[in-house]
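Engineer: The structure follows.
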Amino acid sequence: MKAILVTGGLGYIGSHTVVELQIAGFKAVIIDDLSNTRVEVLEGIEAITGERPDLEILDLKEKESVTEFFEKHKTIEGVIHFAASKAVGESVENPLLYYENNVGTLVYLLKECRDRGINNFIFSSSCTVYGQPDILPITENAPVKPALSPYGNTKQISEEILADLCAVSDLRSIALRYFNPIGAHDSAMIGELPLGIPQNLVPYITQTAAGIREELSVFGDDYPTPDGSCIRDYIHIQDLAKAHVTALQRLINLENKANFEIFNIGTGKGSSVLEVISTFEQATGMKLNYKIVDRRPGDVTEVYADTNLANSELGWKAERSMAEALRSAWEWEKKVRNL
Ligand code: WQD
């Protein structure tokens with residue numbers, strides 16, 4: 001049976017994608033170095049689908065281990081590549097770590113794929129590449145702006161590497177530019193597991209509601225938006241996961257229109273931080289403790305996707321609401337904390 005390699009497959013987006021791959025009938029093989037997740041996520045995946053994916057715990061920076069992996073797993077027909085460091089702030093302090101881990105490992109992986117005729121490659125990209133867009137909603141043709149962080153730059157460079165390789169080889173690749181993934185699987189068997197103090201909004205909200213954090217700090221309410229707080233495009237993690245399976249099937253079925261394609265994966269709707277808070281309270285019945293503080297450096301005012309290309313060309317559309325995502329995030333938080 002052909003298999004799909006999912007690098008970073010025990011991570012937040014990776015694990016939800018493995019579940020959707022298995023439901024779609026694919027065999028998933030995971031590579032993860034466990035640097036930003038826990039091996040117990042494997043039990044969660046199996047609890048949902050009844051199928052335990054193969055797991056190889058290895059660091060993609062170890063070239064020999066990567067080669068050994070492909071020697072051992074000879075039925076890989078495609079790759080979904082999530083494994084990367086993704087903390088914007090950390091990337092500013094330690095850029096070489098990000099260029100080595102995010103760009104260097106992509107090059108090794110692509111060499112192995114090229115040498116073994118593995119030509120279906122889905123890449124985890126990000127709306128970060130757009131910076132603060134001039135026009136909203138953002139289309140895939142919007143200019144890629146100078147990155148605001150080494151993290152964002154690694155996503156831009158990675159897309160360029162893929163475009164260059166696809167132009168001169170049999171590689172077919174799709175980069176999915178995610179907006180803001182939130183929520184957890186509706187079984188509450190897998191979800192987001194931020195290690196340490198959460199950087200992202202929704203896990204900080206659920207940890208505040210669970211009493212683990214004193215109160216949420218809202219980073220600024222003096223932006224030029226209707227309620228003064230920043231606007232983002234929050235997409236349910238299960239919708240995002242499904243987009244990867246749809247993109248993979250497009251490549252395997254040779255339905256791609258170009259060897260390298262890019263799609264925005266968002267809902268097409270912008271929501272402010274204060275709207276997320278009020279939706280969370282309505283969806284869960286919890287009262288959230290928060291205060292307004294200064295802006296966070298590097299935050300863009302407003303970002304949300306034009307999803308027409310993904311809807312019409314890829315044949316994928318976000319179906320779940322933000323309320324559903326926030327409810328699932330809260331159910332997951334309660335499960336993890338035994339509340
Ligand atoms: C969302 C909004 C904050 C925390 C990040 C990465 C990006 C991509 C998606 C990987 C902003 C506000 C947040 C808090 C707050 N990830 N906020 N208090 O920054 O849009 O994007 O995740 O590709 O690369 O940068 O997401 O969840 O950090 O912030 O007020 O405690 O919530 O100011 O407006 P962001 P976020």
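Engineer: If you go through the stretch 276-302, how many residues are over 15 Å from residue 329 (Cβ atoms) and either touching a residue at least 12 places away in the same chain (Cβ under 8 Å) or of a type in the set (A, V, I, L, M, F, W, C) (or both)?
Structural biologist: The qualifying residues number 13.
Engineer: I'd like to verify a number: residues in the stretch 200-228 that are within 7 Å of the ligand (Cβ to nearest atom) and either farther than 28 Å from residue 21 by Cα or in contact with a helix residue (DSSP H, G or I) (Cβ under 7 Å, 6 or more places away or on another chain) (or both), how many? Quick ask: steps written out before the conclusion?
Structural biologist: Of the residues in the stretch 200-228, the ones within 7 Å of the ligand (Cβ to nearest atom) are 200-202, 204, 216-220.
So of that shortlist, the ones also either farther than 28 Å from residue 21 by Cα or in contact with a helix residue (DSSP H, G or I) (Cβ under 7 Å, 6 or more places away or on another chain) (or both) come out as 201-202, 204, 216-220.
The qualifying residues number 8.
Engineer: Any residue that is of a type in the set (D, E, K, R), part of a loop (DSSP other than H, G, I, E, B) and assigned by TED's automatic domain parsing to the domain that holds residue 244 - is there at least one of those in the stretch 11-29? Don't jump to the end; show me each part of the working.
Structural biologist: First pass over the stretch 11-29, keeping only residues of a type in the set (D, E, K, R): 20, 27.
After this cut, where a residue has to be part of a loop (DSSP other than H, G, I, E, B) as well, the list is none.
Within the stretch 11-29 (the criterion being of a type in the set (D, E, K, R), part of a loop (DSSP other than H, G, I, E, B) and assigned by TED's automatic domain parsing to the domain that holds residue 244), the answer is no, since none of the residues qualifies.
Engineer: For the subset of the stretch 81-129 comprising residues that are in contact with a strand residue (DSSP E or B) (Cβ under 9 Å, 6 or more places away or on another chain) and among the hydroxyl-bearing types (Ser, Thr, Tyr), which member is most open to solvent (accessible area, probe 1.4 Å)?
Structural biologist: Going through the qualifying residues, I end up with 128.
Engineer: Considering only helices (runs of 4 or more DSSP H) fully contained in the stretch 201-311, which possess at least 1 residues that are modelled with pLDDT of 95 or more and acidic (Asp, Glu)? Talk me through it step by step, then tell me what you get.
Structural biologist: Working: elements: 201-209, 237-252, 273-284.
Correct list: 237-252, 273-284.
Engineer: When residue 338 is evaluated against the numbered criteria (1) within 15 Å of the ligand (Cβ to nearest atom); (2) not in a helix (DSSP H, G or I), which criterion, by number, is the only one it fails?
Structural biologist: Checking residue 338 against (1) within 15 Å of the ligand (Cβ to nearest atom); (2) not in a helix (DSSP H, G or I), the one that fails is (1).
Engineer: Among 98, 130, which is under 19 Å from the mean Cα position of the chain (by Cα), within 15 Å of the ligand (Cβ to nearest atom), among the aromatic types (Phe, Trp, Tyr) and modelled with pLDDT of 95 or more?
Structural biologist: Selected residue: 98, the only one of 98, 130 that is under 19 Å from the mean Cα position of the chain (by Cα), within 15 Å of the ligand (Cβ to nearest atom), among the aromatic types (Phe, Trp, Tyr) and modelled with pLDDT of 95 or more.
Engineer: Hey, another quick one. Looking for something outside any helix (DSSP H, G or I) and in contact with a Phe, Trp or Tyr (Cβ under 6 Å, 6 or more places away or on another chain) - is there at least one such residue anywhere in the stretch 98-120? Spell out the reasoning first.
Structural biologist: Going through the stretch 98-120, the residues outside any helix (DSSP H, G or I) turn out to be 117-120.
The next check asks that each one be in contact with a Phe, Trp or Tyr (Cβ under 6 Å, 6 or more places away or on another chain); those that pass are none.
Among the residues of the stretch 98-120, not one is outside any helix (DSSP H, G or I) and in contact with a Phe, Trp or Tyr (Cβ under 6 Å, 6 or more places away or on another chain), which makes the answer no.
Engineer: Pairs please, first residue from the stretch 158-171 and in the same structural domain as residue 144 (by TED's automatic domain parsing), second anywhere and modelled with pLDDT of 95 or more and among the charged types (D, E, K, R), Cβ atoms under 7 Å, 6+ apart in sequence or on different chains.
Structural biologist: Hits for this filter: 166/172; 169/114; 171/114.
Engineer: For residue 79, indicate whether it is within 16 Å of the ligand (Cβ to nearest atom), under 25 Å from residue 305 (Cβ atoms) and of a type in the set (Val, Ile, Thr).
Structural biologist: Details: within 16 Å of the ligand (Cβ to nearest atom): no; under 25 Å from residue 305 (Cβ atoms): yes; of a type in the set (Val, Ile, Thr): yes.
No; evaluated as a whole, the condition is false for this residue.
Engineer: Anything in the stretch 322-333 that is touching a Lys or Arg at 6+ places or on another chain (Cβ under 9 Å) and within 18 Å of residue 270 (Cβ to Cβ)? List them, or say none. Outline the logic, then answer.
Structural biologist: Pass one, the stretch 322-333, residues touching a Lys or Arg at 6+ places or on another chain (Cβ under 9 Å): 322, 328.
Of everything in the stretch 322-333, just one residue is touching a Lys or Arg at 6+ places or on another chain (Cβ under 9 Å) and within 18 Å of residue 270 (Cβ to Cβ), namely 322.
Engineer: Out of 279, 267, which single residue is crowded, with 21+ Cβ neighbours inside 10 Å and either more than 16 Å from the ligand (Cβ to nearest atom) or not aliphatic (A, V, I, L, M) (or both)? Reasoning before the result, please.
Structural biologist: Numbers: 279 fails: crowded, with 21+ Cβ neighbours inside 10 Å.
Matching residue, one of 279, 267: 267.
The values are calculated or read from the model by the stated rules, or taken from the named source; none is laboratory data. Remember, predicted model here, so these are calculated numbers, not experimental data. Here Cβ is always computed from backbone atoms with ideal geometry, including for glycine, and neighbour counts include all displayed protein chains. Only protein heavy atoms, including side chains, enter the accessible area calculation; ligands, DNA and RNA are left aside. Shrake-Rupley method; radii C 1.70, N 1.55, O 1.52, S 1.80 Å.
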